[in-house]
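Asker: My questions all concern the structure below.
The values are calculated or read from the model by the stated rules, or taken from the named source; none is laboratory data. Bear in mind that the values here come from a model prediction, so they are computed numbers and not experimental data. Here the Cβ positions follow ideal geometry from the backbone for every residue, glycine too, while neighbour counts run over all protein chains shown. These accessible areas exclude ligands, DNA and RNA; they are computed on the full protein's heavy atoms, side chains included. Shrake-Rupley method; radii C 1.70, N 1.55, O 1.52, S 1.80 Å.
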Amino acid sequence: MAASGNWGIVIHGGAGSMAPGAMSEEAEAGFLAALDVALAAGEAVLAAGGGSLDGVEAAVMVLEDDPHFNAGRGAVFTYHGTNELDAAIMDGRDRSAGAVAGATHTRNPVRLARAVMEHSPHVFLSREGADEFAREQGLEQVDPDWFATAERWRQLEELKSRKLGWYDVDLKYGTVGAVAVDCEGHVAAATSTGGLTGKRWGRIGDSPVIGAGNFADDRACAVSCTGAGEFFLRVGAGHEIAARMRLAGEDAQTAADAVIAEIGTMGGTGGVIVAAPDGTLAWSFNTPGMYRARASSRGLREVAIHGPQRPEQG
Ligand code: ASP
(Lines give C-alpha, C1' and ligand atoms only; values in the text may rest on other atoms or scores of the structure.)
Protein backbone atom coordinates (compact mmCIF):
# COMPACT_ATOMS: atom_id res chain seq x y z
CA MET A 1 0.00 0.00 0.00
CA ALA A 2 1.40 3.37 -1.00
CA ALA A 3 1.94 6.23 1.44
CA SER A 4 -0.71 8.89 1.05
CA GLY A 5 1.37 11.72 2.51
CA ASN A 6 -1.32 12.12 5.14
CA TRP A 7 -1.11 11.22 8.82
CA GLY A 8 -3.89 9.86 11.01
CA ILE A 9 -4.41 8.48 14.50
CA VAL A 10 -7.17 6.58 16.32
CA ILE A 11 -7.19 5.96 20.06
CA HIS A 12 -9.45 3.96 22.36
CA GLY A 13 -10.06 3.88 26.09
CA GLY A 14 -11.98 0.61 26.19
CA ALA A 15 -15.26 -0.81 24.93
CA GLY A 16 -18.23 -1.74 27.07
CA SER A 17 -21.73 -1.20 28.34
CA MET A 18 -21.81 2.59 28.38
CA ALA A 19 -25.23 3.07 26.80
CA PRO A 20 -26.39 6.66 26.20
CA GLY A 21 -27.71 8.11 29.47
CA ALA A 22 -26.08 5.46 31.68
CA MET A 23 -23.46 7.93 32.90
CA SER A 24 -23.97 11.43 34.30
CA GLU A 25 -23.29 14.27 31.87
CA GLU A 26 -20.41 15.34 34.06
CA ALA A 27 -18.84 11.89 34.05
CA GLU A 28 -19.24 11.65 30.29
CA ALA A 29 -17.65 15.07 29.82
CA GLY A 30 -14.69 13.89 31.92
CA PHE A 31 -14.09 10.91 29.64
CA LEU A 32 -14.44 13.01 26.49
CA ALA A 33 -11.98 15.59 27.81
CA ALA A 34 -9.50 12.87 28.78
CA LEU A 35 -9.70 11.32 25.31
CA ASP A 36 -9.27 14.73 23.74
CA VAL A 37 -6.03 15.38 25.65
CA ALA A 38 -4.60 11.99 24.66
CA LEU A 39 -5.59 12.47 21.03
CA ALA A 40 -3.96 15.90 21.01
CA ALA A 41 -0.70 14.42 22.33
CA GLY A 42 -0.58 11.94 19.44
CA GLU A 43 -1.72 14.51 16.90
CA ALA A 44 1.02 16.95 17.94
CA VAL A 45 3.70 14.35 17.19
CA LEU A 46 2.26 13.39 13.80
CA ALA A 47 1.42 16.92 12.68
CA ALA A 48 5.04 17.92 13.36
CA GLY A 49 6.17 15.20 10.97
CA GLY A 50 6.95 12.69 13.72
CA GLY A 51 6.74 8.92 13.30
CA SER A 52 3.70 6.79 14.06
CA LEU A 53 5.61 4.94 16.80
CA ASP A 54 6.22 8.19 18.71
CA GLY A 55 2.61 9.23 18.09
CA VAL A 56 1.02 6.11 19.56
CA GLU A 57 3.41 6.09 22.53
CA ALA A 58 2.62 9.74 23.33
CA ALA A 59 -1.14 9.15 23.24
CA VAL A 60 -1.00 5.98 25.32
CA MET A 61 1.22 7.57 27.97
CA VAL A 62 -1.43 10.25 28.53
CA LEU A 63 -4.14 7.57 28.84
CA GLU A 64 -1.97 5.56 31.26
CA ASP A 65 -1.51 8.56 33.53
CA ASP A 66 -5.24 9.37 33.49
CA PRO A 67 -7.23 7.51 36.19
CA HIS A 68 -10.32 7.32 33.97
CA PHE A 69 -8.85 4.35 32.16
CA ASN A 70 -7.81 0.83 33.06
CA ALA A 71 -4.11 1.27 32.30
CA GLY A 72 -1.28 2.65 34.40
CA ARG A 73 -2.91 4.88 37.03
CA GLY A 74 -6.53 3.70 37.38
CA ALA A 75 -5.74 0.08 36.47
CA VAL A 76 -8.14 -2.55 37.81
CA PHE A 77 -7.22 -4.65 40.84
CA THR A 78 -6.34 -8.31 40.81
CA TYR A 79 -8.22 -10.69 43.13
CA HIS A 80 -5.51 -10.13 45.72
CA GLY A 81 -5.73 -6.36 45.55
CA THR A 82 -2.68 -5.54 43.44
CA ASN A 83 -2.34 -3.78 40.08
CA GLU A 84 -0.54 -5.82 37.42
CA LEU A 85 0.08 -4.00 34.19
CA ASP A 86 0.35 -5.31 30.64
CA ALA A 87 1.39 -3.38 27.53
CA ALA A 88 2.63 -3.84 23.97
CA ILE A 89 3.96 -1.73 21.13
CA MET A 90 4.73 -2.62 17.52
CA ASP A 91 6.41 -0.89 14.61
CA GLY A 92 4.85 -1.64 11.20
CA ARG A 93 8.06 -0.84 9.33
CA ASP A 94 9.85 -4.03 10.29
CA ARG A 95 7.38 -5.66 12.70
CA SER A 96 9.70 -5.11 15.63
CA ALA A 97 7.71 -5.40 18.84
CA GLY A 98 8.00 -5.19 22.60
CA ALA A 99 5.62 -6.28 25.34
CA VAL A 100 5.35 -6.68 29.11
CA ALA A 101 2.95 -8.52 31.40
CA GLY A 102 2.45 -8.13 35.13
CA ALA A 103 4.63 -5.07 35.73
CA THR A 104 3.90 -3.50 39.13
CA HIS A 105 6.28 -0.56 39.57
CA THR A 106 6.86 1.02 36.17
CA ARG A 107 4.83 4.19 35.79
CA ASN A 108 4.31 3.92 32.02
CA PRO A 109 4.17 0.31 30.86
CA VAL A 110 4.03 1.40 27.20
CA ARG A 111 7.47 3.02 27.60
CA LEU A 112 8.72 -0.23 29.08
CA ALA A 113 7.30 -2.17 26.11
CA ARG A 114 9.13 0.19 23.80
CA ALA A 115 12.37 -0.26 25.74
CA VAL A 116 11.98 -4.04 25.44
CA MET A 117 11.61 -3.59 21.68
CA GLU A 118 14.53 -1.22 21.26
CA HIS A 119 17.00 -2.20 23.97
CA SER A 120 16.59 -5.92 24.62
CA PRO A 121 17.05 -8.96 22.41
CA HIS A 122 13.54 -10.09 23.42
CA VAL A 123 9.91 -9.31 22.60
CA PHE A 124 8.03 -10.19 25.79
CA LEU A 125 9.10 -9.76 29.45
CA SER A 126 7.04 -10.43 32.55
CA ARG A 127 6.56 -9.57 36.22
CA GLU A 128 9.59 -8.76 38.45
CA GLY A 129 11.93 -9.23 35.51
CA ALA A 130 10.06 -6.65 33.46
CA ASP A 131 10.35 -4.06 36.26
CA GLU A 132 14.00 -4.96 36.79
CA PHE A 133 14.65 -4.29 33.11
CA ALA A 134 12.75 -0.98 33.41
CA ARG A 135 15.02 0.08 36.29
CA GLU A 136 18.09 -0.82 34.27
CA GLN A 137 16.73 1.32 31.45
CA GLY A 138 16.20 4.25 33.80
CA LEU A 139 12.42 4.29 33.40
CA GLU A 140 10.45 5.99 36.16
CA GLN A 141 9.48 3.66 39.01
CA VAL A 142 6.58 4.40 41.35
CA ASP A 143 5.15 3.00 44.55
CA PRO A 144 2.31 0.62 43.56
CA ASP A 145 -0.11 3.02 45.32
CA TRP A 146 0.34 5.34 42.34
CA PHE A 147 -1.83 3.00 40.25
CA ALA A 148 -4.59 2.48 42.84
CA THR A 149 -7.91 4.38 42.75
CA ALA A 150 -10.98 4.16 45.00
CA GLU A 151 -13.35 3.45 42.09
CA ARG A 152 -11.34 0.41 40.95
CA TRP A 153 -11.28 -0.87 44.55
CA ARG A 154 -15.06 -0.52 44.68
CA GLN A 155 -15.34 -2.57 41.48
CA LEU A 156 -13.21 -5.34 42.99
CA GLU A 157 -15.38 -5.39 46.12
CA GLU A 158 -18.50 -5.53 43.96
CA LEU A 159 -17.13 -8.43 41.96
CA LYS A 160 -16.27 -10.32 45.13
CA SER A 161 -19.49 -9.59 47.01
CA ARG A 162 -21.82 -10.38 44.12
CA LYS A 163 -19.72 -13.34 42.98
CA LEU A 164 -19.74 -11.90 39.49
CA GLY A 165 -17.82 -13.28 36.55
CA TRP A 166 -14.73 -11.47 35.29
CA TYR A 167 -16.57 -9.79 32.48
CA ASP A 168 -19.51 -8.57 34.59
CA VAL A 169 -18.27 -5.67 36.67
CA ASP A 170 -19.37 -2.53 34.93
CA LEU A 171 -18.50 -4.12 31.61
CA LYS A 172 -16.35 -1.14 30.67
CA TYR A 173 -13.13 -2.83 29.85
CA GLY A 174 -11.14 0.42 29.89
CA THR A 175 -7.97 -0.83 28.26
CA VAL A 176 -6.28 1.88 26.22
CA GLY A 177 -4.70 1.81 22.80
CA ALA A 178 -3.60 3.87 19.83
CA VAL A 179 -2.91 3.16 16.18
CA ALA A 180 -1.43 5.64 13.76
CA VAL A 181 -0.13 6.17 10.27
CA ASP A 182 2.52 8.85 9.74
CA CYS A 183 3.03 10.97 6.64
CA GLU A 184 5.47 8.40 5.28
CA GLY A 185 2.81 5.71 5.42
CA HIS A 186 4.33 3.78 8.34
CA VAL A 187 1.90 2.36 10.86
CA ALA A 188 2.33 1.55 14.58
CA ALA A 189 0.16 0.25 17.40
CA ALA A 190 0.34 0.49 21.20
CA THR A 191 -1.95 -1.02 23.84
CA SER A 192 -1.87 -0.86 27.65
CA THR A 193 -4.09 -2.36 30.34
CA GLY A 194 -4.54 -3.51 33.91
CA GLY A 195 -6.41 -6.52 32.51
CA LEU A 196 -9.64 -7.67 34.15
CA THR A 197 -10.93 -6.84 37.63
CA GLY A 198 -10.34 -9.75 40.00
CA LYS A 199 -7.91 -11.54 37.68
CA ARG A 200 -5.88 -14.28 39.38
CA TRP A 201 -3.40 -17.04 38.75
CA GLY A 202 -1.22 -14.64 36.77
CA ARG A 203 -3.91 -14.32 34.10
CA ILE A 204 -2.79 -12.43 30.98
CA GLY A 205 -5.25 -11.19 28.35
CA ASP A 206 -4.85 -10.27 24.72
CA SER A 207 -3.52 -6.72 25.18
CA PRO A 208 0.23 -7.45 25.52
CA VAL A 209 0.17 -10.42 23.16
CA ILE A 210 1.58 -9.49 19.76
CA GLY A 211 -0.86 -10.60 17.06
CA ALA A 212 -3.81 -10.74 19.46
CA GLY A 213 -4.50 -7.38 21.16
CA ASN A 214 -1.81 -5.43 19.36
CA PHE A 215 -0.31 -5.70 15.89
CA ALA A 216 1.28 -3.52 13.20
CA ASP A 217 2.51 -4.33 9.71
CA ASP A 218 3.10 -1.73 6.99
CA ARG A 219 1.87 -4.29 4.44
CA ALA A 220 -1.60 -4.12 5.97
CA CYS A 221 -2.45 -2.02 9.04
CA ALA A 222 -2.00 -1.34 12.76
CA VAL A 223 -4.56 -2.74 15.22
CA SER A 224 -5.29 -2.27 18.93
CA CYS A 225 -8.06 -4.25 20.63
CA THR A 226 -10.18 -4.00 23.77
CA GLY A 227 -12.71 -6.39 25.22
CA ALA A 228 -12.97 -9.92 26.51
CA GLY A 229 -9.33 -10.81 26.03
CA GLU A 230 -9.72 -14.58 25.98
CA PHE A 231 -11.71 -14.31 22.72
CA PHE A 232 -9.28 -11.89 21.09
CA LEU A 233 -6.47 -14.29 22.00
CA ARG A 234 -8.23 -17.29 20.48
CA VAL A 235 -8.92 -15.41 17.25
CA GLY A 236 -5.49 -13.77 17.06
CA ALA A 237 -7.52 -10.66 16.35
CA GLY A 238 -4.82 -8.15 15.44
CA HIS A 239 -3.00 -10.51 13.11
CA GLU A 240 -6.25 -11.80 11.67
CA ILE A 241 -7.35 -8.30 10.62
CA ALA A 242 -3.96 -7.63 9.05
CA ALA A 243 -3.94 -11.02 7.30
CA ARG A 244 -7.39 -10.45 5.82
CA MET A 245 -6.21 -7.13 4.41
CA ARG A 246 -2.90 -8.43 3.12
CA LEU A 247 -3.98 -11.77 1.72
CA ALA A 248 -7.67 -11.32 0.89
CA GLY A 249 -7.46 -7.66 -0.14
CA GLU A 250 -10.13 -6.51 2.30
CA ASP A 251 -10.20 -2.86 3.35
CA ALA A 252 -9.61 -1.98 7.00
CA GLN A 253 -13.28 -1.54 7.89
CA THR A 254 -14.38 -4.79 6.23
CA ALA A 255 -11.63 -6.76 7.97
CA ALA A 256 -12.33 -5.14 11.36
CA ASP A 257 -16.08 -5.77 11.07
CA ALA A 258 -15.53 -9.41 10.07
CA VAL A 259 -13.25 -10.14 13.03
CA ILE A 260 -15.53 -8.42 15.53
CA ALA A 261 -18.47 -10.38 14.08
CA GLU A 262 -16.53 -13.62 14.45
CA ILE A 263 -15.66 -12.79 18.07
CA GLY A 264 -19.35 -12.03 18.61
CA THR A 265 -20.43 -15.43 17.29
CA MET A 266 -17.99 -17.06 19.72
CA GLY A 267 -19.60 -15.14 22.60
CA GLY A 268 -17.02 -12.36 22.96
CA THR A 269 -17.54 -8.62 23.18
CA GLY A 270 -15.25 -5.71 22.54
CA GLY A 271 -13.81 -3.53 19.84
CA VAL A 272 -10.84 -2.71 17.63
CA ILE A 273 -9.26 0.37 16.11
CA VAL A 274 -7.33 0.18 12.84
CA ALA A 275 -5.03 2.52 10.87
CA ALA A 276 -3.86 1.63 7.37
CA PRO A 277 -0.88 3.00 5.40
CA ASP A 278 -3.27 4.62 2.89
CA GLY A 279 -4.64 6.81 5.70
CA THR A 280 -7.80 4.82 6.44
CA LEU A 281 -8.82 5.09 10.10
CA ALA A 282 -11.40 2.49 11.15
CA TRP A 283 -13.02 1.05 14.24
CA SER A 284 -15.56 -1.64 14.95
CA PHE A 285 -17.17 -2.79 18.22
CA ASN A 286 -20.09 -4.97 19.30
CA THR A 287 -20.69 -3.33 22.69
CA PRO A 288 -23.03 -0.36 23.25
CA GLY A 289 -20.06 1.98 23.41
CA MET A 290 -16.33 2.39 23.02
CA TYR A 291 -14.30 5.33 24.29
CA ARG A 292 -12.54 6.49 21.16
CA ALA A 293 -11.19 9.43 19.19
CA ARG A 294 -9.49 10.00 15.87
CA ALA A 295 -7.82 12.78 13.93
CA SER A 296 -6.09 13.17 10.60
CA SER A 297 -4.24 15.67 8.45
CA ARG A 298 -7.35 15.73 6.27
CA GLY A 299 -9.22 17.60 8.98
CA LEU A 300 -11.02 14.68 10.55
CA ARG A 301 -11.39 15.12 14.31
CA GLU A 302 -13.88 13.34 16.52
CA VAL A 303 -14.16 12.13 20.09
CA ALA A 304 -16.99 9.72 20.92
CA ILE A 305 -18.33 7.18 23.39
CA HIS A 306 -21.56 5.78 21.97
CA GLY A 307 -22.45 4.60 18.45
CA PRO A 308 -21.99 4.32 15.53
CA GLN A 309 -20.25 0.98 15.87
CA ARG A 310 -18.35 1.75 12.67
CA PRO A 311 -17.35 5.17 11.35
CA GLU A 312 -19.30 6.95 8.68
CA GLN A 313 -16.15 7.70 6.69
CA GLY A 314 -12.73 6.05 6.81
N1 ASP B 1 -8.66 -6.91 26.68
C2 ASP B 1 -8.31 -6.66 28.05
C3 ASP B 1 -7.96 -7.96 28.72
O4 ASP B 1 -8.60 -8.96 28.45
C5 ASP B 1 -9.40 -6.01 28.82
C6 ASP B 1 -9.87 -4.71 28.24
O7 ASP B 1 -9.92 -4.55 27.03
O8 ASP B 1 -10.19 -3.79 29.03
O9 ASP B 1 -7.09 -7.96 29.56
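Asker: Looking at (1) in contact with a Lys or Arg (Cβ under 9 Å, 6 or more places away or on another chain); (2) under 11 Å from P109 (Cα atoms); (3) aliphatic (A, V, I, L, M), find the lone condition where L85 falls short.
Answerer: Failed condition: (1).
Asker: Kindly provide the set of residues from segment 41-55 that are part of a helix (DSSP H, G or I) and touching a residue at least 60 places away in the same chain (Cβ under 8 Å), ordered by number. Steps first, please.
Answerer: Quick first cut of segment 41-55, residues part of a helix (DSSP H, G or I) only: 41-47, 52-55.
Selection gives G42, E43, L46, A47, S52, L53, G55.
Asker: Suppose we filter S192, S126 for residues that are of a type in the set (S, T, Y) and open to solvent by 10 Å² or more (accessible area, probe 1.4 Å); which single one remains?
Answerer: Details: S192 fails: open to solvent by 10 Å² or more (accessible area, probe 1.4 Å).
After applying the criteria, what remains is S126.
Asker: How many of the residues in segment 146-162 are among the aliphatic types (A, V, I, L, M) and over 15 Å from K199 (Cβ atoms)?
Answerer: The first filter runs over segment 146-162 and keeps only residues among the aliphatic types (A, V, I, L, M), leaving 148, 150, 156, 159.
From what's left, over 15 Å from K199 (Cβ atoms): 148, 150.
Residues that pass the stated criteria total 2.
Asker: Taking interchain pairs and intrachain pairs at least six residues apart, which have beta carbon atoms under 7 angstrom, with the first residue in segment 203-229 and closer than 13 Å to D91 by Cβ and open to solvent by less than 10 Å² (accessible area, probe 1.4 Å) and the second within 13 Å of the ligand (Cβ to nearest atom) and assigned to a loop (DSSP other than H, G, I, E, B)?
Answerer: Final answer for the pair search is N214/S207.
Asker: If you don't mind, there's one more thing I want to ask. Between residues in segment 14-33 that are farther than 18 Å from G270 by Cβ and in contact (Cβ under 8 Å) with a residue 12 or more places away in the chain and residues that are more than 16 Å from the ligand (Cβ to nearest atom) and not in a strand (DSSP E or B), which pairs lie under 6 Å by C-beta distance while being six or more apart or on different chains?
Answerer: Within 6 Å, the pairs are P20/H306.
Asker: Just one of (1) closer than 15 Å to A189 by Cβ; (2) assigned to a loop (DSSP other than H, G, I, E, B); (3) open to solvent by 10 Å² or more (accessible area, probe 1.4 Å) trips up A58, so point out which.
Answerer: Against the list (1) closer than 15 Å to A189 by Cβ; (2) assigned to a loop (DSSP other than H, G, I, E, B); (3) open to solvent by 10 Å² or more (accessible area, probe 1.4 Å), A58 comes up short only on (2).
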